[in-house]
Amino acid sequence: MKNAEAPVVGIDVSKKKLDVALLVDGKVRSKVVENSPGGYDDLREWLARQKVAASDVHACMESTGIYSEPVAMGLQKAGIKVSVVNPGCIKGFGRSENIRNKTDNIDAALIARYCAAAKPALWEPPPVEQRQLRAWSDRLLALKDIRQQECNRIEAHTFAGQTELVAHVKQHVTWLDEQIAKLEKDIGDHIDRHPDLKRDADLITSIPGLGRATAAKVLGHLGDVRRFDSAKALAAFIGVSPSQRSSGSSVRGRTMMSRVGSSTLRAALYMPGLVARRHNPLLNVFAERLLANGMARKAVIGAVMRKLVHLIYGVVKSGKPFDPKFLDQRLAIQDGI
């Protein structure tokens, strides 16, 4: 006799509500609760009314950053096993089922079916110090983006002869500079107060092209890099792995970066990739070889970003700072992309 499948719950997370789909024995039951601690209690009570024990449930949701993490933590406290998955996986699964419509209820049911089929790994909450580092790093990036926008406005107002507006915007830029400097100091102090973060940050910044700000972004969003089984797994998580398009004799598309992963980390690694392309002794040779083989310059930067991810994994996993001679023997021949 075939054993009954464990109940799974798909959750479509939004700011104010959770659309829930309970999948038991091939049947789906739906529920909407508030996205709040009270809503998590309502969900647990609803599961009990469906004669489903919370401890038997495997819940699954897409990774939506600021909204999904509190939900995952709240459900874990309620005794529910939780997986937080890449939205790209759900999207691909939906295509495999030829899903044409998109509503919150449909998405929740799709996530539930994905959970039952793929049985994704359980989510582990990041430590408090990592969540704080991630929040501060994201805030720092937001302030820098605002500063760049204001600098662009200064140029436009100057061209238009609007001197009073120029003076006003410059005052704002001065204030932003002060806040950015303060936040950078706070981030540095935060890293220094936590030995594990400081150790990994020192290892990452030993790689030419990677500074303290990038290390903070990487550690804030990834946490302990050692949790990945390999450098390739880390590269795939970030979305810098190569994606090939080749089939038979008719399809010969260019190999490109997959971009299925963390767009935040890819953005954080772009400028370091440009710097490392010129100033990292290993990656400079690597990039020049790719250019000589005819690879487009933009694709070369993507390949350099991927190598940076491999180097990050290497130094953190080994506990040893960057050594160009050692890494040249291990990595320089693995061109790829």
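The values are calculated or read from the model by the stated rules, or taken from the named source; none is laboratory data. Quick caveat: nothing in here was measured; it's all calculated off a predicted structure. Counting neighbours? That spans all protein chains shown, and the Cβs are built from the backbone with ideal geometry, glycine included. The accessibility values were calculated without ligands, DNA or RNA, using every heavy atom of the protein model including side chains. Shrake-Rupley method; radii C 1.70, N 1.55, O 1.52, S 1.80 Å.
When Val20, Val52, Val32, Val57 are checked against the criterion of being closer than 19 Å to Pro87 by Cβ and of a type outside the set (D, E, K, R), Val20 stands alone in meeting it.
Selection within segment 293-318: residues that are within 18 Å of Phe237 (Cβ to Cβ) and basic (Lys, Arg). The member of this set that is surrounded by the fewest Cβ atoms within 10 Å (Cβ to Cβ) is Lys317.
Evaluating Asp186 against the criteria (1) closer than 23 Å to Asp145 by Cα; (2) loosely packed, with under 12 Cβ neighbours inside 10 Å leaves one unmet condition, (2). Quick one: would you say Gln171 is surrounded by 14 or more Cβ atoms within 10 Å (Cβ to Cβ), among the polar types (S, T, N, Q) and assigned to a helix (DSSP H, G or I)? Here the answer is no, as Gln171 does not meet what is asked. Scan segment 107-124 residue by residue and report those that are buried (at least 18 other Cβ atoms within 10 Å of the Cβ) and either in a loop (DSSP other than H, G, I, E, B) or at pLDDT below 90 (or both). Of everything in segment 107-124, just one residue is buried (at least 18 other Cβ atoms within 10 Å of the Cβ) and either in a loop (DSSP other than H, G, I, E, B) or at pLDDT below 90 (or both), namely Trp123.
Would you check which residues across segment 96-125 are basic (Lys, Arg) and within 22 Å of Ile238 (Cα to Cα) and list them?
Restricting attention to segment 96-125, the residues satisfying the condition of being basic (Lys, Arg) are 100, 102, 113, 119.
Across segment 96-125, the qualifying residue is only Lys119.
For segment 207-239, filtering for residues that are within 13 Å of the chain's Cα centre (by Cα), touching a residue at least 60 places away in the same chain (Cβ under 8 Å), more than 22 Å from Asp186 (Cα to Cα) and in a loop (DSSP other than H, G, I, E, B) leaves 0.
Please enumerate the residues belonging to segment 125-151 that are hydrophobic (A, V, I, L, M, F, W, C) and open to solvent by 50 Å² or more (accessible area, probe 1.4 Å).
Residues satisfying the conditions are Val128, Ala135, Trp136, Leu141, Ile146.
Applying the criterion of being free of Cβ contacts under 8 Å to residues at least 12 places away in the same chain and open to solvent by 70 Å² or more (accessible area, probe 1.4 Å) to the residues of segment 272-292, the residue that is farthest from Val240 (Cα to Cα) is Ala292.
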